[in-house]
Amino acid sequence: MNKKIIMNVESVYTANSFMAGGRRMIAAGSETTGEVFLYDVQNGTSEFVDGCPGGVMSFVPVCGHADLFFSIMALFPGFVGKDAGVFMHRRILNGWETRKCFSLPFAHRCEVINVSGENYLFAASVSKFKSEPSDWSNAGEIYVMKLDPVTGEPGEPILVDNSIFRNHGMLKAERGGKEVLMVSGSEGIFSLSMIEGKWCLDRLFDHEVSEFGFVDFDGDGVDEMVTVEPFHGENLVIYKKISGDWQQIYHGALSFGHGLSCGMLNGEAAAVVGSRRDSMALKMVRLKDASDWKFVEEDIELGVGPTQTQLFDCGGVSYILSADQRKNCVTLYFE
C-alpha cells in the first residue's frame, strides 16, 4: 500500500472528505489545538480555518453552499467538554468567519442531511453531563436545526431524542431513496427520519455499538453491517441480514476500536478501522470467499493510532483517508 502525508496536524482527530463547490476537499482538525485545515485533493493545496478553539470532532459541508461548513468543537481529550457546541464556518473574502452558533455540552458529532430539498443540521452529545470522564450516568441528546435555504443560518434547535447512552456513532445514510441520519450507542443503532413532518427514531439493532457502517461485501445488492463493539471496543463485527435477523459472519480483534468506515476500494468492498491502543494499527478487512464468509485482514500501517478514516475516489484513484493521530498527520493510502 502506498501512502502520502498531506497535512501535519498536532493531535489530529477529524479527517473528512467531501465535495464542495465542485472540488474534492478534506477537512482536518486537532483534538487539542486550534489547528483546522481544508485540503484540496485535486491541486494539493491547503488553507487554514482560523477562529477555532480546538477539540474538533466533526467538520461537515452544507449541500448547495460551497463556502459554508459546520463543526463540533471544544470537546477535548478525556471528554472535557462543558463548553462544546456547534460552530459555523463561512469562507469570506479575506479568510474565514467562525462563530459558535449553538452551545451543546459534551457535543460529539454533527451532520447535515437533505430532506425534500431542505437542509437539516443534526448535533449529538455523548452525554448531557459528565462530572468526570468515567461518568456515564446521563444519556446523550440529539438536536436538529433547519438551515435557512438562502443564508444557511441554523434555526431554533429542537430536541429530538435524549434516550441513548454513550451516544457515539453518527452516519449519514440512504434508506428508501432518502437521506437519513443514523446514530449508535449503548442501546444499539437507530435511524432518524422525517415522517409526516415529524422526526421519528427507529431502532435497527439492539446491541451496544460504538461506530458502524454499511457496505455490500458479497455483491447481492444488500449491504452488510459492520460495527465496533462495545463502546471504544475490542470487537470488529460484520453482520448479514438473514431471514430478517442480523447474523454474525465475521469477528476481528481491535484495541480501543475507532474510526470505522466502509466503502469501495478499487471496486472492491472494504471496511477500514483503527486501534488507538497497543498496535495502533490501521486495519482493512475485505471478503475473500462468500461461500464460507472468509474475510482477509490487512494491517495497512502499525503505530499510527487512527481516529477517523474514510474511503473515497478522486481522479480515478481509490483512497483511504486516515487521521493518524499518533503520528500527528493526515494520510492518504492507495494501492
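Candidates Val296, Gln325, Gly315 compared by Cα position along the dipole of the range 281-335: farthest toward the positive end lies Gln325, with charges placed on Cβ.
Please list 161-169, 112-120 highest first by mean number of surrounding beta-carbon atoms within 10 Å per residue. Each step should come with its number before you reach the end.
Values: 161-169: 20.8, 112-120: 15.9.
With the highest mean Cβ count within 10 Å placed first, the list reads 161-169, 112-120.
Counting only Cα atoms, I'd like the Rg/Rh figure for the range 197-329, Kirkwood definition for Rh. Result: Rg/Rh = 0.98.
Would you tally the net charge around Arg91, using a Cβ to Cβ cut-off of less than 13 Å, leaving Arg91 out, and scoring K and R as +1, D and E as -1?
So the environment of Arg91 carries a net charge of -3.
With 20 Å bins beginning at zero, the pair-distance distribution over Cα atoms of the chain amounts to 33, 62, 5 %.
For a protection proxy built on the mean count of beta-carbon atoms within 10 angstrom, sort 18-26, 317-325, 192-200, 135-143 highest first, please.
Details: 18-26: 16.1, 317-325: 24.0, 192-200: 12.6, 135-143: 18.9.
Peptide ranking by packing, descending: 317-325, 135-143, 18-26, 192-200.
Assuming R0 = 25 Å, can you tell me the calculated FRET efficiency for the pair Gln42 and Arg203, based on Cβ-Cβ distance, to the nearest 0.05? Could the numbers behind the result be given before it?
On the way: r = 41 Å, r/R0 = 1.62.
Working from the Cβ atoms, E equals 0.05.
How big is the gap, in Å, between the Cα center of the range 122-169 and the Cα center of the range 1-53? Here the answer is 25 Å between Cα centres. Could you give the distance between the Cα centres of the range 70-108 and the range 286-335, to the whole Å? Result: 28 Å between the Cα centres.
At q = 0.15, 0.16, 0.25, 0.29 Å⁻¹, what base-10 log of I(q)/I(0) does the Debye formula yield for the range 26-89 when every alpha carbon is treated as an equal point scatterer in vacuo? Computed log10 I(q)/I(0) values: -0.45, -0.51, -1.06, -1.27.
Take 278-284, 261-267, 238-244 and order them by the average number of nearby Cβ atoms within 10 Å per residue, most first; the result is 278-284, 261-267, 238-244. Dipole size of the chain about its Cα centre, with +1 on Lys/Arg Cβ and -1 on Asp/Glu Cβ: approximately 540 debye, rounded to the nearest 20.
Each residue of the range 273-285 is assigned a 3J(HN,Hα), and the resulting list reads 8, x, 10, 9, 10, 6, 5, 6, 7, 8, 10, 10, 10 Hz, derived from the Karplus form 6.51 cos²θ - 1.76 cosθ + 1.60 (θ = phi - 60°), x at Gly and Pro. With 27 Å as the limit, the listed pairs Lys3/Lys130; Lys288/Lys327; Lys128/Lys172; Lys172/Lys241; Lys241/Lys288; Lys178/Lys327 have Lys3/Lys130; Lys288/Lys327; Lys178/Lys327 beyond it between alpha carbons.
Bear in mind that the values in this text are calculations on the coordinates, not laboratory data. Since we're looking at a predicted model, the values are computed, not measured. FYI the Cβ positions are ideal-geometry reconstructions off the backbone, even for glycines, and counts take in every protein chain you see.
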